[in-house]
1. Of all residues in the stretch 306-319, which are surrounded by fewer than 17 Cβ atoms within 10 Å (Cβ to Cβ) and part of a strand (DSSP E or B)?
2. Could you please find all residues in the stretch 100-128 being outside any strand (DSSP E or B) and either under 27 Å from residue 340 (Cβ atoms) or touching a residue at least 24 places away in the same chain (Cβ under 8 Å) (or both)?
3. Does the stretch 279-287 contain any residue that is over 23 Å from residue 374 (Cα atoms), in contact (Cβ under 8 Å) with a residue 40 or more places away in the chain, in contact with a helix residue (DSSP H, G or I) (Cβ under 9 Å, 6 or more places away or on another chain) and in a loop (DSSP other than H, G, I, E, B)?
4. Filter the stretch 385-406 down to residues that are more than 27 Å from residue 287 (Cβ to Cβ) and touching a helix residue (DSSP H, G or I) at 6+ places or on another chain (Cβ under 8 Å), then give me how many there are.
5. Please go through the stretch 243-278 and pick out each residue that is surrounded by 13 or more Cβ atoms within 10 Å (Cβ to Cβ) and in a helix (DSSP H, G or I).
6. Is it the case, given these coordinates, that residue 253 is more than 25 Å from the chain's Cα centre (by Cα) and assigned by TED's automatic domain parsing to the domain that holds residue 72?
7. So, residue 236, is that one in a helix (DSSP H, G or I) and under 26 Å from residue 441 (Cα atoms) or not?
8. Would you pick out the residues in the stretch 53-88 that are over 22 Å from residue 289 (Cα atoms), free of Cβ contacts under 8 Å to residues at least 12 places away in the same chain and loosely packed, with under 14 Cβ neighbours inside 10 Å?
């Protein structure tokens, strides 16, 4: 038996040593650290698989539908929701301090002692069973509970506003990824159209060369232009795939998930600015959740001062017990006795802290500093919001003008290309003119797509900066 215990002790010590070794620091700066603990974390990750949901691959999803799906499945929204529930429970805990605490207590005790009676010790045996109720009630505390409740209310308000801000960010992230995908798709379609034009020009030059109306250098120029257009198309195709994966990831899906989205041709682009920049800034101050959240934190800091101030005021508490005591006793070989009876006690306690080593003074200084920091946070956030709205407002104005210019450029470039190609067919223009017009048309197509999607993106960004995204989600016909 002793040998077995010795072996078990050795095994336990070795296991403990191995465990301690597994949790040690890296042995040196020139080697990567590896440990069995990594495998344990990998198993934890496997036990917590990625949450997925299905999309209809044949359906063409609108932006509003994409946002709804993201809000339902985004982990950040779930995290913010749970944090708000934690704050709500904290408020309930703070409010419970106003109620008395009632506790059921049962005391069971048995003892045997020696009593010195006359000239010898007598053995005394006693048994006791006391079930009772214990009551504690803080009657007056100088406002500490009220301050705690005010802090909890402000924290709950801040958590709810943070939850709203999380949704605002999710809406904008989905809208931004959606418009980036539309731009990438438009660029791919423009590159595809450019390749077809380049192929048509190359075929036209080849046909003219066969009829003796073009030269070999003309064909080489056209072939080079077609190869460049093919290269641009491959780059645009890859960019579209990346943009699609970014949108899927934003919605909480694997990047390879297949789904369709509504095209840019079905969206209405803004034609003018709705409000002045000052109106946009004022609305942002009133609507931005993080500004309201910061104000809630300021309210919590003010309540914290009230909570600390209560420590200077005496507190009054009531305590009481009541129950029934049952006991038996025995002295040596004398007959056993038994008795029961009602017991209770009640009292009031007045407590006033006179000196605590300046702890209250330091806590008050800390609470006031936290309030001043929260006030400074409000001022800093106000400046930040003003600058963000101003910059976005200017960007949207610029995007409006660029979209109008890009549309005009596309129209003129298309006419110039058709004219250059027709003139080349009559022998009036050379192939360099046709290729230059083709490149100009390709650039105009790209800029037109970018300008339209940029205008939609800047419109969504302005709504994000002002907080309008929480009032109305971007959807069909409303960027």
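1. Matches in the stretch 306-319: 316, 317, 318, 319.
2. 100
3. no
4. Matching residues across the stretch 385-406 total 3.
5. Listed by number, the residues that qualify are 243, 244, 245, 246, 247, 248, 249, 250, 264, 277.
6. So residue 253 does not fit the description; no.
7. Here the answer is yes, as residue 236 does meet what is asked.
8. 54
The values are calculated or read from the model by the stated rules, or taken from the named source; none is laboratory data. In this text, all values refer to a predicted model and were calculated from it rather than measured experimentally. A quick note on method: Cβ atoms are made from the backbone with ideal geometry, for glycine too, and the neighbour counts reach across all protein chains shown.
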